[in-house]
């Protein structure tokens, strides 16, 4: 019931966000027509007018938004101005690979970040802890493109053990099922590794901070005082509580799984969401831009809603009054 | 089928003594994904590269940039220049096996001029009165007025009527699954990744020797360079830095052949001639003299380019060799400025006139480091003759819409791509100076107008050549643009490909005759 009420409240919010986005995109000078006929002396002024009319760009902004909105509620996001493909199809093609890479890298981050955080929290202040902190921050601050190129050059060109870029080998189609899986895994190794390396700092430091904080609590002192082993104090009492903020952050990053990074996807030649959005912005491909924004806005709202509801479920004090 | 069988037998026959060739694959890459393969929507480089392999026009340019027949075996222009009759090749088949006829040409023309089809190429066909097919192998084109660039416009890819007649061209899946008459057929398209083409066994000039053409999308130039180093790419265009420095290794010399020839384009400074600052030709010439063009080429292109003197491709018939590049002569520049009334009266290092300092802003587009660097070099050189130039770098869409279309700029540094036909009516004719048109510098010269009109009316190449050479002369001396340089095209091709030939049109014009010796093949898709 509460869920439905909250969901209903999110609808006008979503509409508001989309209208703002629509207006902001249109404030950027130039339209799809200008970029398509860009400096092509053969593109006459009439041809440009024809195009503008076809795309409905000659109508007032509000009318355009109304037309777009009335189709969008029926989940018809139109076709790309650039290649005439359906927007839903274009997004549908870009999502799986972005989701796969982000998902795998999140998995790796959790797998390594949480133990690393725990390990360093226990050794708070030691030289080893400082060295580890230095390393994760190094990973966090190193420019993605630089690290990517370095790894590509090292593993791909010098050692020749991994492919440089792309998702599939040229003869992927002719491989056996196991061969294809292996081929894809080899192609994903570098992108996932880079993405995980640069993201490790966030989770491991959060885990670290949260655990250090928890270990200072009175109930930990109590637990130690009643003679529990350090192991049982750490894993039985402290860690479970310290994991809560980490779980929240992971939950909030779920919508982010669908967002790609342009630089990263360009360097590895991966046809994901980041590149789709980036290129459509530069081509002023409004239907695609709006399609991606709808997805992003809806997922963010949904994520927030779910986070709120789950708090309520976990903590009775927040339960809706 | 019979023909296929026959050629197979023939192949076996030759096998015995001639060197054997492999089918192999040619792997190339582009920064951007092609958007639409229908020839008259294929405006971006990537789309037109693929589209040209799938479709044929009636005519094409050969390696020396002469117009020759493609789907047309020959043509005749009536003495008054109003009528072109194309005779078509017999026995040409669409890739689905349906015969190609003159009706397909008529259909293509109808679509090109259909108000509901927003093609940027429509302008080429505006002067056509009618296109008819008196018989299946003859196309008769009647023009409203003689229009010689029109002949080359029939290089536009012809599309199949039987497949598109009932389609909405804007929504048809044909744009991603095209069927043409060309040497390659589309096999698969993985969005954002690659497009595979296979050789058309029934191609009218004979099936290409390379069995497969793979077009990869690699948005980052550094990545495509790494892919070259692992031999995962057979060909790509190098940047000047890569050409001059990074490909100087033993590995590269052994595996790849580098080519270098002038590209079809030039970089220039365009002056807004409505601005009183630039209305005096002496001022424009002074700026041209103050700039060291060789220096720009040396620094931004590692010397891989040549000084441009006019809007035509060096070495073609329209290009006037007697136009010499203006030297770098700061003293002469200062003299010319003084003649025009610009001297440094207040001693601040900047020339002035009637209390106004000579200061202007040059605009160029974002994302092109060579142009930004060129601006900085020019800035330094102009400061030496007392002219202050500010640089503003603007995002492309904004640049076109807000500055070029509205003619709100003082000077721009930009480049034009050159088409094979020298007609530059749209760029320099005074009737094309309205907002949104391409004479955005508002150049107006009666003789130029007259020559541009005449160049379009004449057909014989020698008569047109005289016109365009004179135009070249005028534009060089009037300097509405300061022509800077023609960058070189710098492709590399893997050495296992034999038969690569450099012509005025570059490499690739004889791609369907490239071969790979059997023992050097890298791919086997058969």
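Since every read-out is calculated from the coordinates, none of them should be taken as a lab result. The shown structure was predicted, so the numbers you read here are calculated from the model rather than taken from an experiment. In this analysis, Cβ positions are derived from the backbone assuming ideal geometry, glycine residues included, and neighbour counts consider all displayed protein chains.
List of remarks:
- In degrees, nearest ten, helix B:102-113 long axis to first principal axis of chain B (Cα): 30 degrees
- Measuring r between the beta carbons of residue B:331 and residue B:393 and using R0 = 51 Å, the FRET efficiency lands at 0.95.
- Rounded to 10°, Cα long-axis angle of helix B:446-457 versus longest principal axis of chain B: 10 degrees
- Approximating the spin labels as points 7 Å out from Cα along Cα→Cβ, the residue A:74-to-residue A:59 distance works out to 1.3 nm.
- Chain B: mean projected area of Cα convex hull, nm²: 26.6 nm²
- By the count of other C-beta atoms within 10 Å, a proxy for reagent exposure, A:180, B:496 are ordered fewest to most as A:180, B:496.
- Each residue, residue B:62 and residue B:246, gets one label point 7 Å from its Cα in the Cβ direction; the gap between the two is 3.8 nm.
- Per-pair calculated FRET efficiency, R0 = 41 Å: residue B:168 and residue B:372 via Cβ, rounded to 0.05: 0.45
- Our summary gives chain A a relative contact order of 27 percent, counting only alpha carbon pairs under 8 angstrom and 6 or more residues apart.
- Stretching residue A:26 away from residue A:129 to a fully extended chain increases their span by 32.1 nm, per 0.36 nm per residue minus the current alpha-carbon distance.
- Reciprocal mean inverse distance between Cα atoms of region B:360-482 - Kirkwood radius, Å: 16.0 Å
- More than 56 angstrom apart: percent of Cα pairs within the protein assembly as shown: 19 percent
- Among B:494, A:187, a tally of other beta-carbon atoms within 10 Å of each Cβ gives an order, fewest to most, of B:494, A:187.
- Estimated 222 nm signal from helices in the protein assembly as shown, with DSSP H stretches of n ≥ 4 weighted -39500 (n - 2.57), rounded to 500: -13500 deg cm²/dmol
- Residue A:175/residue B:322 FRET efficiency (R0 45 Å; Cβ-Cβ; nearest 0.05): 0.15
- In degrees, nearest ten, helix B:461-478 long axis to first principal axis of chain B (Cα): 30 degrees
- Paramagnetic label reach from residue A:250 (point 7 Å along Cα→Cβ; backbone nitrogen cut-off under 19 Å): within region A:194-212, residues A:195-212.
- Put in line by how crowded their Cβ is, counting other Cβ atoms within 10 Å and starting with the fewest, A:61, A:151 read A:61, A:151.
- Gain upon complete extension [residue B:98, residue B:281; 0.36 nm per residue less C-alpha separation]: 59.9 nm
- Whether region A:227-315 is rounded, prolate or oblate, judged on the alpha carbon gyration tensor where a/c under 1.5 counts as rounded: oblate
- Computed from label points 7 Å out along Cα-Cβ, the spacing between residue A:232 and residue B:231 is 6.5 nm.
- Length gained when the stretch residue B:132-residue B:408 is fully extended (0.36 nm per residue, less Cα-Cα span): 94.9 nm
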